[in-house]
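Values quoted throughout were computed directly from the atomic coordinates according to the rules given, and no laboratory measurement underlies them. Bear in mind that the values here come from a model prediction, so they are computed numbers and not experimental data. When we count neighbours, we look across all protein chains shown, and the Cβ atoms used for this are built from the backbone with ideal geometry, even at glycine.
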C-alpha cells in the first residue's frame, strides 16, 4: 500500500532567482515610467490646457501608458495605466468622480500590452495602437461618466470629444512614442516583454 500523503522523494526545481541586475532594471523601468507620467501630467494640465480646442487637448499621460504597454507588455501596461489614471483623477483641476481615468487607462495599458505580445510593431502599428487606445480610453471615460451621471453631456457631443481627442493624441504620439520607446529600449536592450 502506498501512502497518498507521503512527500515525493524529490522536490520540483524552483525557478532561478532574479539577479541583482534584473532587479535593478525593473526598478529603473518603473522609475522611468513614474518620471514620464509625472512630466506628462504636468505638461497635460499646463501646456495641454492652453492648446485645448473645445476643452479637449492632447492626453500625454495616455500616450505614456501606451508606450509603456508597447515596450513592456500587458502586465506593465495595466499597472502603469491604473496608477497613472489615479494620478490624473486626483490632479487639479479634476472635476469628475475619481477612478474614471484609472479604469480607462488600465484598459488602455492592457490593450497596448496585448499588441506588444504579437511582436515588435512599426511606426504604422504604433500610431494605429495610439488611435485605438485613444478612442478606447476616451470612450471608457465618457461612458463611465454617462453611467455615473457625472457631468455627462449628450452622446453626439461625447463623440465629438472622442474624435478630437484621437486627433490630438495622434499628433502628440508622433513625438511622445519614439522618445518613450528609445528610453525604454535603453533600459532593456533585449526588448523582451514581461507577461
Exercise for the section: Calculate, in nm to one decimal, what residue 49 and residue 96 gain on full extension: separation in residues at 0.36 nm each, minus their alpha carbon distance. Expected result: 15.3 nm
Handout entry: Packing-based exposure ordering (other Cβ within 10 Å, fewest first) of 75, 116, 54, 29
Key = 54, 75, 29, 116
Problem - Label point distance in nm, residue 79-residue 121, each placed 7 Å from Cα along Cα→Cβ - result: 2.1 nm
Problem - Length-normalised contact order for the range 24-185 - Cα pairs under 8 Å, 6+ apart - percent - result: 25 percent
Exercise for the section: Along Cα→Cβ, 7 Å out, is where each label goes; now give me the distance between the ones at residue 34 and residue 175 in nm to one decimal. Expected result: 2.6 nm
Fill in the blank from the handout: Two pseudo-spin positions, 7 Å from Cα along C-beta at residue 42 and at residue 26, lie apart in nanometres by 2.9 nm
Handout entry: Neighbour-count ranking [beta-carbon atoms within 10 angstrom, fewest first] of 76, 82
Key = 82, 76
Exercise for the section: Return 118, 89, 26 ranked ascending by Cβ neighbour count within 10 Å, so the fewest neighbours appear first. Expected result: 118, 26, 89
